[in-house]
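Student: Sharing a structure here in structure tokens format.
The values are calculated or read from the model by the stated rules, or taken from the named source; none is laboratory data. Note that this is a predicted model, so its numbers are computed, not measured. Positions of Cβ are generated from backbone atoms using ideal geometry, with glycine treated the same way; all protein chains shown enter the neighbour counts. What goes into the accessible areas is simple: the full protein's heavy atoms, side chains included, and nothing from ligands, DNA or RNA. Shrake-Rupley method; radii C 1.70, N 1.55, O 1.52, S 1.80 Å.
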Amino acid sequence: MSDLTINVEFSGGMELLFKNERKHKITLPSQTNGEPTKLQQLIFHIRDHLMTEKKDLFVDNDTVRPGILVLVNDVDWELCEELEYELEDKDQIVFISTLHGG
Amino acid sequence: MSDLTINVEFSGGMELLFKNERKHKITLPSQTNGEPTKLQQLIFHIRDHLMTEKKDLFVDNDTVRPGILVLVNDVDWELCEELEYELEDKDQIVFISTLHGG
Amino acid sequence: ILEKTASLSNTEIKRYGRQLILPKWGKPRAGGLGAPAALYLGAAGIGKLGIVDHDDVDSSNLHRQVIHTEVKEGMNKAVSAKLAIKAINSQCIVQTYPVSMERSNALEIIQDYDLVLDCTDNVATRYMLNDAAVLLGKPLVSGSALRYDGQLAVYNYQGGPCYRCLHPVPPPPETVGRCSDNGVLGAVPGVIGILQALEAIKVITGLHSGEPSFLIFSALSIPMFRTMKLRNKKSNCPACGDNPTITHLIDYVEFCGSEATDKGISQSLL
Amino acid sequence: ILEKTASLSNTEIKRYGRQLILPKWGKPRAGGLGAPAALYLGAAGIGKLGIVDHDDVDSSNLHRQVIHTEVKEGMNKAVSAKLAIKAINSQCIVQTYPVSMERSNALEIIQDYDLVLDCTDNVATRYMLNDAAVLLGKPLVSGSALRYDGQLAVYNYQGGPCYRCLHPVPPPPETVGRCSDNGVLGAVPGVIGILQALEAIKVITGLHSGEPSFLIFSALSIPMFRTMKLRNKKSNCPACGDNPTITHLIDYVEFCGSEATDKGISQSLL
Ligand SMILES: [Zn+2]
Ligand SMILES: [Zn+2]
């Protein structure tokens, strides 16, 4: 049971929550609780291990807060089962804060 | 010995040589003359099977003519052994005509 | 496409020899996004362009709102933009609306146009423009920019999603950055504004593929641009779904829990 | 980066409150690429901008060269661009060169600036600007556009390649499309020109990563933007390599086998 390496990127200002680092490599076990590791686990991992404060600017009710779009390999996560998406090795997951300025 | 499916794209005006179609899927054998199939074979295949005229606007001296850049999975082919690059299944190869207008 | 130029007069043909003539249409706000969008749409030979902006030109805007000039300080921005467009293309009809777009006037203003450009600067107006565009059946070309980042999408077009399909719930007010707080490099909204003009021209001329996508621009990232394949319209969307509940414009400030202008509000970063 | 604004006067601070102040520098040509590049650089608060253009404003240019206006028909384009920049930012020093850039004057003009923008429209001038930039050790921000396509790269910067590293041999003249033959949608050079301004600002302020890349824009493709990871400088490059043979400017028209202007040449497509 090998580990998964997930390439995570924050964009649209979200990187400011992560010391202004846009790109992160995150290692997760390929199984969690006897099931394939899902996107929700990645969100929890980021909340619990990459953040020390302002967690509510990223997570709300066990998912990303309103106003954040999630890309799974450049595809809207709504087309990939959202939280239930089963992560694969070398997936690229991007979290983008939607911008409103003009 | 399976076949390779190569995703070929033409850009920067080169698509005009190919009925204005930018994207092409090309199937090649994984081996040619007992060796792994290389990028040069793809260029020959395009010249011989996708073109009927103006071949000199694409090929010159068994390589692409000056002014054409080649991308192997979004990387300059000069970083990937150019003509000697061994094709892999699902590679994306882009041929771009350099633009000079302003 | 280019056949449309056949009906042009000789003066026009000289000018639009390489260009498109387009039906009446429009609606950028003459800000950081609206300035370049309006300039390139006007120059491209759009028949009619409507510009809504209640604001006046201020010298602190000029670095990103390149349609205005120093001598126009104090002039209404929509009027200033009209003068600039007319100077480049005197044949473009430019209608100015020197007012705030509100739920009371939005439908009436928009109904005269074929397409809406969202160049606004706050969430509440973005929801309002979306709902108005859906109610009137107009495509919405949405752009936004902040600091070094920009985003672009075409909503409510050929079965694609609307803004509410993507954002059923408005973001918490404390997460919303504003230009006046967070600053912006002029070229960033410039890039997005011109791309809005381009997407609008593509829609109007039928050159747009209609494939729903979302363009993400980060001036300091590599690559600078990323394209996201977007969901289709959602059948349960309250605006554009099968059983819409948004049948008229609502109170968007209340809906978003924040004020609809960026005046004098000190927002936290992000 | 923004600390640099600390030395500004009060009037300037109001204006550049969110902006950068930059050293003297420049050199766009006031065409389809040069117009937006110059406009956004001038508006951004560049200290000094040089503009080289021997051409006069013509009404057929206005749809893409949005820095000019109808009343300026017949005026030199560099002068017209200067008036437009000054109207937005009267404190920007704009030096105009209403001449053709030739091997006889290129080094002398360029040596006064920190960075070169290539907004030209022909291969011969592109090789000349590259060689001049390499000889003088200046970064070169290169943009080009044709029909629905555009390209952008920063050459001769932080160990990255120069134009000759990428193109040791000029293209056959019959493969070179020109704007006046092939047409162009105004927003396409607009996008590239603004991105040139942005790349130039990034280089000057140290925000540019220096990673060699080549941006490919196709207005009708999905995705519209593609970023190519580019080779490093080549040790055998005749301009920037270990043993350069280009030690002075050469006859570029002869080198390219074509004429250096797009006047009255009927080129085949592509
Ligand atoms: Zn919807
Ligand atoms: Zn070189």
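Student: From the list D:R126, D:R147, which one is without any contact (Cβ under 8 Å) to a residue 60 or more places away in the chain, within 16 Å of ligand 2 (Cβ to nearest atom) and within 14 Å of chain B (Cβ to nearest Cβ)? Give the steps one after another, and end with the answer.
Tutor: Working: D:R147 fails: within 16 Å of ligand 2 (Cβ to nearest atom).
The unique qualifying residue is D:R126.
Student: Still on this structure, please answer the following. Could you say which residue among C:L195, C:L117 is modelled with pLDDT of 95 or more, away from ligand 1 (no atom under 16 Å from the Cβ) and open to solvent by less than 10 Å² (accessible area, probe 1.4 Å)? Full working, then the answer.
Tutor: On the way: C:L117 fails: modelled with pLDDT of 95 or more.
Testing whether each residue is modelled with pLDDT of 95 or more, away from ligand 1 (no atom under 16 Å from the Cβ) and open to solvent by less than 10 Å² (accessible area, probe 1.4 Å) leaves just C:L195.
Student: From the residues in segment C:47-98 that are more than 22 Å from C:D112 (Cα to Cα), surrounded by 18 or more Cβ atoms within 10 Å (Cβ to Cβ) and among the hydrophobic types (A, V, I, L, M, F, W, C), which one is farthest from the other protein chains (Cβ to nearest Cβ)?
Tutor: C:V57
Student: Right, another one. Which one is farthest from the chain's Cα centre (by Cα) among residues in segment A:44-84 that are farther than 23 Å from D:I222 by Cβ and in a strand (DSSP E or B)? Let's see the steps before the verdict.
Tutor: Our first condition is that a residue be farther than 23 Å from D:I222 by Cβ; within segment A:44-84, this holds for A:44-68, A:81-84.
Those still in the list that are in a strand (DSSP E or B) too: A:59-60, A:63-64, A:68.
On the way: A:V59: 10, A:D60: 13, A:T63: 10, A:V64: 8, A:I68: 10 Å.
That would be A:D60.
Student: So how many residues does segment B:45-60 have that are open to solvent by less than 40 Å² (accessible area, probe 1.4 Å) and within 14 Å of chain D (Cβ to nearest Cβ)?
Tutor: Total meeting the criteria: 4.
Student: Specify which of the listed residues (C:C240, C:C162) is within 15 Å of ligand 1 (Cβ to nearest atom) and either open to solvent by less than 10 Å² (accessible area, probe 1.4 Å) or modelled with pLDDT under 90 (or both). Quick ask: steps written out before the conclusion?
Tutor: Values: C:C240 fails: either open to solvent by less than 10 Å² (accessible area, probe 1.4 Å) or modelled with pLDDT under 90 (or both).
Going through C:C240, C:C162 in turn, the sole match is C:C162.
Student: Count, please, the residues in segment C:198-222 that happen to be assigned to a helix (DSSP H, G or I), in contact with a Phe, Trp or Tyr (Cβ under 7 Å, 6 or more places away or on another chain) and open to solvent by less than 20 Å² (accessible area, probe 1.4 Å). Before you say what the answer is, go through the steps one by one.
Tutor: Looking only at segment C:198-222, we keep the residues that are assigned to a helix (DSSP H, G or I), and these are C:198-205.
Subsequent filtering for residues that are in contact with a Phe, Trp or Tyr (Cβ under 7 Å, 6 or more places away or on another chain) retains C:203-204.
From what's left, open to solvent by less than 20 Å² (accessible area, probe 1.4 Å): C:203.
Of the residues in segment C:198-222, 1 are assigned to a helix (DSSP H, G or I), in contact with a Phe, Trp or Tyr (Cβ under 7 Å, 6 or more places away or on another chain) and open to solvent by less than 20 Å² (accessible area, probe 1.4 Å).
Student: Can D:G186 be described as away from ligand 1 (no atom under 16 Å from the Cβ), open to solvent by 10 Å² or more (accessible area, probe 1.4 Å) and either at positive phi or at pLDDT below 95 (or both)?
Tutor: On the way: away from ligand 1 (no atom under 16 Å from the Cβ): yes; open to solvent by 10 Å² or more (accessible area, probe 1.4 Å): no; either at positive phi or at pLDDT below 95 (or both): yes.
No; evaluated as a whole, the condition is false for this residue.
Student: Need the failing condition index for B:L16 against (1) farther than 26 Å from D:A145 by Cβ; (2) assigned to a helix (DSSP H, G or I), just the number.
Tutor: Evaluating B:L16 over (1) farther than 26 Å from D:A145 by Cβ; (2) assigned to a helix (DSSP H, G or I) leaves (1) as the failure.
Student: Shifting gears a bit: Please give the number of the condition C:N156 fails out of (1) among the polar types (S, T, N, Q); (2) more than 22 Å from C:A44 (Cβ to Cβ); (3) at pLDDT below 85.
Tutor: Condition (3) is where C:N156 drops out.
Student: Anything in segment C:39-68 that is of a type in the set (S, T, Y) and free of Cβ contacts under 8 Å to residues at least 12 places away in the same chain? List them, or say none.
Tutor: Correct list: C:S60 only.
Student: Out of B:L71, B:L4, B:L42, I need the residue that is surrounded by 15 or more Cβ atoms within 10 Å (Cβ to Cβ), away from chain D (no Cβ under 14 Å), out of contact with any Asp or Glu (no Cβ under 7 Å at 6 or more places or on another chain) and modelled with pLDDT of 95 or more. Which one? Full working, then the answer.
Tutor: Values: B:L71 fails: away from chain D (no Cβ under 14 Å); B:L4 fails: out of contact with any Asp or Glu (no Cβ under 7 Å at 6 or more places or on another chain).
From the options B:L71, B:L4, B:L42, the qualifying one is B:L42.
Student: Related question: Looking at segment D:223-255 only, could you name the residues that are assigned to a loop (DSSP other than H, G, I, E, B), more than 16 Å from ligand 2 (Cβ to nearest atom) and acidic (D, E)?
Tutor: Passing the criteria: only D:D251.
Student: Can you tell me how many residues within segment A:26-78 are touching a helix residue (DSSP H, G or I) at 6+ places or on another chain (Cβ under 6 Å), free of Cβ contacts under 8 Å to residues at least 24 places away in the same chain and over 21 Å from A:T98 (Cα atoms)?
Tutor: So the count comes out to 1.
Student: Going through segment A:17-43 one residue at a time, which ones are over 15 Å from the mean Cα position of the chain (by Cα) and either of a type in the set (F, W, Y) or over 18 Å from A:L83 (Cβ atoms) (or both)?
Tutor: Residues satisfying the conditions are A:K19, A:N20.
Student: Looking at C:V169, C:V134, which one is open to solvent by 10 Å² or more (accessible area, probe 1.4 Å), within 11 Å of chain A (Cβ to nearest Cβ) and within 16 Å of ligand 1 (Cβ to nearest atom)?
Tutor: Values: C:V134 fails: within 11 Å of chain A (Cβ to nearest Cβ).
Result: C:V169 is the single residue among C:V169, C:V134 that is open to solvent by 10 Å² or more (accessible area, probe 1.4 Å), within 11 Å of chain A (Cβ to nearest Cβ) and within 16 Å of ligand 1 (Cβ to nearest atom).
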